[in-house]
Amino acid sequence: MMEILVINGPNINMLGIREPGIYGKNTYADLLALLEQTAIEEAIKIRQFQSNHEGAIVDEIQAAYGKYDGIVINPAAYTHTSVAILDALKSVSIPAVEVHISDVDSREAFRQISYAGMACEKTIKGQGLEGYRQAILYLKEKYGK
Ligand code: DQA
C-alpha cells in the first residue's frame with residue numbers, strides 16, 4: 001500500500017482561528033478529517049505531522065528516508081526562509097508536492113520565494129484545504145502502487 005507523509009509547518013494547527021479571511025474557517029481538525037477521508041477513499045496510508053519547529057520538521061523528513069512513497073508539505077512561514085527544509089527534502093529524494101492554502105502569489109513580496117518548493121515536483125496554492133487532496137491524488141497517480 002502506498003504511504004504518504006503530510007507535513008505541516010508553524011501555525012497550521014491554528015487553522016479556523018488564524019486570519020480566517022485568508023485561510024478560511026475550516027479548522028485544523030477539519031484538515032485531519034480530510035486527510036483521513038482521502039486515505040480511505042484512495043486506499044493509501046497517510047501519516048500526518050505538524051510542528052512549529054524548523055528542526056523538528058527536518059528530523060521528520062530525515063526519518064521518512066526509505067519509508068514513504070511521497071511527501072506533501074506545507075512548510076508555512078518556513079517556506080520562505082528555510083534552506084534546511086529544502087536540503088532535507090533533497091537529502092531523502094522522496095517525491096514531494098508543496099501545498100499552500102492561500103494564494104501566496106497574490107500576497108506580500110516576502111512570500112514570493114519558496115525554498116522548499118525548489119525540491120518539490122509541483123506546487124498547489126490558493127485551493128484551500130482541497131489543495132492537500134489534489135497533492136495526494138497527484139502523487140498517487142504518478143507513484144501509486
Ligand atoms: C501558507 C502561506 C505562508 O506564507 C504562511 O506563512 C503560512 C501558510 C499557506 O498555506 O497559505 O503560514 O503556507
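The values are calculated or read from the model by the stated rules, or taken from the named source; none is laboratory data. On a predicted model such as this, the values are computed, not experimentally measured, just so you know. Please note: Cβ atoms are built from the backbone with ideal geometry, for glycine as well, and neighbour counts cover all protein chains shown. Quick note on the areas: whole protein, heavy atoms, side chains included, nothing else; ligands and nucleic acids left out. Shrake-Rupley method; radii C 1.70, N 1.55, O 1.52, S 1.80 Å.
Values for this structure:
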| item | result |
| --- | --- |
| Output for the range 64-90, where each listed residue is open to solvent by 30 Å² or more (accessible area, probe 1.4 Å), in contact with a strand residue (DSSP E or B) (Cβ under 9 Å, 6 or more places away or on another chain) and not in a loop (DSSP other than H, G, I, E, B) | none |
| Scan of the range 27-82 for residues that are more than 26 Å from M1 (Cβ to Cβ), of a type in the set (G, A, S) and more than 15 Å from the ligand (Cβ to nearest atom), ordered by number | G55, A56 |
| Residue in the range 21-43 that is without any contact (Cβ under 8 Å) to a residue 24 or more places away in the chain, farther than 23 Å from Y115 by Cα and polar (S, T, N, Q) present | yes |
| The listed residue being in a helix (DSSP H, G or I), open to solvent by less than 40 Å² (accessible area, probe 1.4 Å) and farther than 13 Å from R133 by Cα, out of A39, A56 | A56 |
| Those residues of the range 127-145 which are open to solvent by 40 Å² or more (accessible area, probe 1.4 Å) and at pLDDT 95 or above, in sequence order | Q127, E130, R133, Q134, L137, Y138, K140, E141, K142, Y143 |
| Any hit, the range 16-23, residues being open to solvent by less than 60 Å² (accessible area, probe 1.4 Å) and assigned to a helix (DSSP H, G or I) | yes |
| Considering residues of the range 91-126 that are among the small types (G, A, S) and in a loop (DSSP other than H, G, I, E, B) only, the residue surrounded by the fewest Cβ atoms within 10 Å (Cβ to Cβ) | S93 |
| First in the range 89-104 and within 16 Å of the ligand (Cβ to nearest atom), second anywhere and part of a strand (DSSP E or B) and among the polar types (S, T, N, Q), Cβ under 6 Å, 6 or more apart | E98/T123; V99/N74 |
